[in-house]
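Asks: Handing you a structure now.
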Amino acid sequence: MNHDRFRIAVVCLGNICRSPMAHVVLEKKIADAGLDDRVEVVSAGTGGWHTGEPMDPRAAAVLREAGYDASRHVARKFTTDWYAENDLLLAMDHSNYADMAELAPTVEDTQRLRMFRSFDPEASEDDLEVPDPWFGGDEGFREVMAIIERSTDAIVEQLPELLATSRRG
């Protein structure tokens, strides 16, 4: 792992649906933008139940349908150490955000914690969550995919500005 690069962590509950989808899409869009030598993406879950497992097969299927490689993911658990290792920490929902904030070593560290959908051009102040598709059908995974693609486009657009203001810039 190259710690000279700007690191973005995407985090959900189990690291098998939303955050791995965002991880794969964001990584590809960063590479397509020619920024993968400067930016690295990681993902985790606030809960450890799925540590070591691949992503949910439904999430992988939606990624593959859209032309992404879903094969390399292995679920990991978010810990306090992630604050030292990452520059931007993106939570999928308010519960994930609260769990991540609770683990922040300092109040200052929480300034790098944001809602993933805070980048989504279609999100509003009271609609910043990426819905968890785990209990629903395929439609929920497709909805999550649309949110992720919109949001990651906006993240990549803002990367030059994020890199310029980062401690690793």
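So that you can scan it fast, the table gives a plain yes or no per residue for (1) surrounded by fewer than 17 Cβ atoms within 10 Å (Cβ to Cβ); (2) within 18 Å of Thr152 (Cα to Cα):
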site	(1), (2)
Lys29	no, yes
Trp49	yes, no
Glu53	yes, no
Ala60	no, yes
Glu65	yes, yes
Trp82	no, no
Glu85	yes, no
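Asks: What is the residue count in the range 123-159 for residues that are charged (D, E, K, R) and either open to solvent by less than 40 Å² (accessible area, probe 1.4 Å) or part of a helix (DSSP H, G or I) (or both)?
Replies: 8
Asks: When the range 67-80 is examined, which residues are found to be open to solvent by 60 Å² or more (accessible area, probe 1.4 Å) and either in a helix (DSSP H, G or I) or of a type in the set (A, V, I, L, M, F, W, C) (or both)?
Replies: Within the range 67-80, just Val74 meets the criteria.
Asks: For Ala91, state whether it is touching a Phe, Trp or Tyr at 6+ places or on another chain (Cβ under 6 Å), under 16 Å from Ala154 (Cα atoms) and open to solvent by less than 50 Å² (accessible area, probe 1.4 Å).
Replies: Spelling it out, Ala91 is indeed touching a Phe, Trp or Tyr at 6+ places or on another chain (Cβ under 6 Å), under 16 Å from Ala154 (Cα atoms) and open to solvent by less than 50 Å² (accessible area, probe 1.4 Å).
Asks: Just the residues that are touching a strand residue (DSSP E or B) at 6+ places or on another chain (Cβ under 6 Å), crowded, with 24+ Cβ neighbours inside 10 Å and not in a helix (DSSP H, G or I), please, taken from the range 13-27.
Replies: Asn15
Asks: If Ser118 satisfies all but one of (1) open to solvent by 80 Å² or more (accessible area, probe 1.4 Å); (2) in a helix (DSSP H, G or I), what's the number of the condition it fails?
Replies: Here Ser118 meets the rest and fails (1).
Asks: Now for a different question. Name the single residue that is nearest to Glu125 (Cα to Cα) among those in the range 88-112 being part of a loop (DSSP other than H, G, I, E, B) and among the aliphatic types (A, V, I, L, M).
Replies: Of everything passing the filter in the range 88-112, Met92 is nearest to Glu125 (Cα to Cα).
The values are calculated or read from the model by the stated rules, or taken from the named source; none is laboratory data. Predicted model, so just to flag it, every value in this text is computed and none were measured. Note that each Cβ is placed from the backbone with ideal geometry, even for glycine, and that neighbours are counted across all protein chains shown. What goes into the accessible areas is simple: the full protein's heavy atoms, side chains included, and nothing from ligands, DNA or RNA. Shrake-Rupley method; radii C 1.70, N 1.55, O 1.52, S 1.80 Å.
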